[in-house]
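Q: Following this message is one structure expressed as structure tokens.
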Amino acid sequence: MKIQFSDLHFSYPSGDEALKGISLEFSGTAPVAIIGQNGSGKTTFAKHFNGILRPGSGKLLIDGEDIHARSTAEWSARIGYVFQNPQDQLFLETVKKELEFGPKKIKMEPERIAENVKYAAQLCKMDDKLDIHPFDLSPTQRKFCTIASIVAMDPEVILLDEPTGGQDYYGTLLLEEIIESLQKKGKLVITISHDMDFVIRNFERVIALCDGKVIIDADARTAFSRVEELARTFIEPPPVTRIAQALDFDETVVDLQRFFVCFDKKLKGAA
């Protein structure tokens, strides 16, 4: 799938212009992170992918087809969106019904629904909670229920809005496993996140938004080397990167293994 944004603008009824000329292209399966301060336009931008919001001006093409050519329900079969707040997405009596709802709405065959629900439940550790009411789950588990409900629809692209919010260490590890598994299945995962450690570990491409505009679109190592631009949107690189920058390493370091290699090299150079 190829998704192309060209000079995208969007304003809310209040007159606030949230997106100011975004031009980006998405394809392949390399995970993408969208970062930026609150109010930078991240969620507004993400809600355009499957037509939850529609461009005020500019173009959005999906495999060459204009976003206006289909309904949000039709696009959602190909591009799934997981809301930041599970309460905005969950409304049925059991986890199983939540996972079956989307596939049924897009008229998936019953056998495939059963297969996809089983896969999504296992992937998101919901397989022993299928008969539980979603609001009897913990807040962390509810997030995985919403992810599973989108995975069960088998879309080509999955957008996760702040999935690490409220997660503990083990929840974050599970998220990383889910992203890796989806990529192996040929899915493109696009994630909005404020957690830079999570971003640096899991995303090959980083897009930073500031005041409704793209200020960085680069691989993770390059993105986190651009400290002044990141500061415009009040984003700091991960701690290991900041320490390496303070020590004036000759490259941008994004993991501990590389940090120790560069630290050893610097010590030997000072000897």
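Q: Show the residues, 5+ positions off or on another chain, whose built amide H is closer than 5 Å to the amide H of residue 216.
A: For residue 216, the qualifying residues are 208.
Q: Shifting gears a bit: Whole-Å semi-axes of the range 130-221's equivalent ellipsoid, largest first, each the root of 5 times a Cα gyration tensor eigenvalue?
A: Each semi-axis is the square root of five times an eigenvalue, giving 25, 15, 13 Å.
Q: Long-range amide H contacts for residue 132: which residues qualify at under 5 Å (H placed 1.01 Å from N, peptide plane, sequence gap of 5 or more or a different chain)?
A: 95, 96
Q: OK, next. List the residues of the range 134-151 whose backbone N lies under 18 Å from a point placed 7 Å from the Cα of residue 201 along the Cα-to-Cβ direction.
A: From the range 134-151, the list is 140-141, 144.
Q: Can you figure out the FRET efficiency of residue 25 with residue 70, using R₀ = 25 Å and their beta-carbon distance, to the nearest 0.05? Kindly include the intermediate steps, with their values, before the conclusion.
A: Values: r = 20 Å, r/R0 = 0.78.
The calculated FRET efficiency here is 0.80.
Q: Under a crude label model (7 Å from the Cα following the beta-carbon direction), how far is residue 1 from residue 219 in nanometres?
A: Here the modelled spin labels are 2.6 nm apart.
Q: Using the eigenvalues of the Cα gyration tensor, what equivalent ellipsoid semi-axes result for the range 89-154 when each is taken as the square root of five times the eigenvalue, whole Å, largest first?
A: Equivalent-ellipsoid dimensions as semi-axes: 18, 11, 9 Å.
Q: Using each residue's phi in the range 2-7, evaluate 6.51 cos²θ - 1.76 cosθ + 1.60 at θ = phi - 60° and report the 3J(HN,Hα) Karplus result to the nearest Hz, with x for Gly and Pro.
A: Ordered by residue, 3J(HN,Hα) equals 10, 10, 10, 9, 10, 6 Hz.
Q: In terms of Cα to Cα distance under 15 Å, which aspartates and glutamates are near enough to residue 42, apart from those fewer than 8 places away along the same chain?
A: Within reach: 16, 17, 161, 162, 195, 211, 217.
Q: Taking square-rooted eigenvalues a ≥ b ≥ c of the alpha carbon gyration tensor, is the range 126-175 rounded, prolate or oblate, where a/c under 1.5 means rounded and, failing that, a/b exceeding b/c means prolate?
A: The shape class here is oblate.
Q: If you don't mind, another one. For the pair residue 268 and residue 92, what calculated FRET efficiency results from E = 1/(1 + (r/R0)^6), where r is the Cβ-Cβ distance and R0 = 51 Å, to the nearest 0.05?
A: The value I calculate is 0.25.
Q: Return P(r) of the chain (all Cα-Cα pairs; 10 Å bins starting at 0; whole %; ordered from short to long distances).
A: Bins of 10 Å from zero give 7, 28, 33, 22, 9, 2, 0 percent of pairs.
Q: Right, next: Any idea what the relative contact order of the range 89-154 is, in percent, if you count C-alpha pairs under 8 Å spaced at least 6 apart?
A: Averaging sequence separation for qualifying contacts and normalising by length gives 49 percent for the range 89-154.
Q: Between beta-carbons, use under 10 Å as the cut-off and find the net charge around residue 207, counting Lys and Arg +1, Asp and Glu -1.
A: Result for the neighbourhood of residue 207: +1.
Laboratory data are not the source of any read-out in this text; all were calculated from the coordinates shown. If you're wondering where the values come from, they're calculated on a predicted model, not measured in any experiment. Using ideal geometry, Cβ is built from the backbone for each residue, glycine included, and neighbour counts are taken over all protein chains shown.
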